[in-house]
Amino acid sequence: MKERALNILEGKDLDDPLFPFICKIDDPNEVDNPDFWEKANPMFSEPRSPYAKGLFKRF
């Protein structure tokens with residue numbers, strides 16, 4: 001998936017319908033703290049949709 005996204009971002013495969021969305025964290029420790037997850041996935045921002053609530057509970 002990452003290679004596919006990079007091909008789109010580099011202009012090698014502009015016909016691919018994938019929307020590459022790459023996020024970065026400020027500190028590796030943030031990955032273990034759910035309070036920071038919305039930085040990488042805005043869907044987790046409050047108020048969460050029912051879908052986001054279900055997805056958030058899985059992790």
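Readers should treat all values here as calculations from the given coordinates under stated rules, not as data from a laboratory. Small disclaimer: the values here were computed from a predicted structure and weren't measured.
Which residues, taken from the range 1-38, are more than 24 Å from Ala52 (Cα to Cα) and among the small types (Gly, Ala, Ser)? Steps first, please.
Going residue by residue through the range 1-38, those that are more than 24 Å from Ala52 (Cα to Cα) are 3-4, 6-16.
Passing the criteria: only Gly11.
Filtering the range 13-48 to residues that are over 14 Å from Lys2 (Cα atoms) and aliphatic (A, V, I, L, M) leaves Leu14, Ile25, Val31, Ala40, Met43.
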